[in-house]
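Read through the structure below, which is laid out as structure tokens, and then see the notes.
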Amino acid sequence: MTERQKQLRDAYKSMKPPMGVYIFECLPTGKAYLGAAQDLRGRMNGTRFKLESGFYPCKSLLADWKQYGSEQFRIEVLETLAYDEKDEARTDYREDLEALRDLIAERYPEHEFLRT
């Protein structure tokens with residue numbers, strides 16, 4: 001591995017992309033997928049790509065996407081989660097993100113949240 005490759009690898013490992021909870025909501029039906037991710041932009045782009053290509057694991061949301069189109073979906077970051085500044089070595093925030101997602105789901109009792 002060249003020195004440049006090592007630098008790029010280290011830079012990638014030190015990246016801290018925004019993490020948090022996002023929603024893909026079908027406006028006509030009210031059905032929504034509430035997701036949590038350590039890389040919001042990457043996960044949301046991946047979800048959109050899977051829906052557009054017809055290979056999303058949640059068949060109900062995929063059916064709504066095909067029927068109503070992307071313009072009838074609300075796609076939004078609902079809340080972000082800050083990195084633990086006291087523990088720079090920490091890289092796994094899955095439990096915190098799942099807890100945040102569950103708290104947000106409680107705020108929207110009128111929604112039918114789908115799971116993949």
Sequence of 1, 44 once ranked by neighbouring C-beta atoms within 10 Å, starting from the fewest: 1, 44
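So how do 104, 23, 75 line up by other beta-carbon neighbours within 10 Å, fewest first? It would help to have the intermediate numbers written out before the result.
On the way: 104 18, 23 21, 75 14.
The order, fewest Cβ neighbours first, is 75, 104, 23.
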Fewest-first sequence of 24, 55, 73 by Cβ atoms within 10 Å of each Cβ: 55, 73, 24
Whole-Å distance, taken between Cα centres, linking region 1-38 and region 72-86: 10 Å
Expected 222 nm ellipticity per residue - DSSP helices of 4 or more, -39500 (n - 2.57), all of the chain, to 500: -13000 deg cm²/dmol
Pair residue 102, residue 27: separation of 7 Å Cα→Cβ label points (nm): 3.3 nm
Out-of-range pairs (alpha-carbon distance over 23 Å; input 13/50; 31/59; 16/86): 13/50
Under 18 Å from residue 66, Cα to Cα: aspartates and glutamates that are on another chain or at least 8 residues apart: 25, 52
Label-point separation, residue 72 to residue 112 (7 Å along Cα→Cβ), nm: 1.4 nm
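Each reported figure results from applying straightforward, stated rules to the coordinates on display, with no laboratory input. If you're wondering where the values come from, they're calculated on a predicted model, not measured in any experiment. Cβ sites come from the backbone with ideal geometry, for glycine too, and all protein chains shown count toward neighbours.
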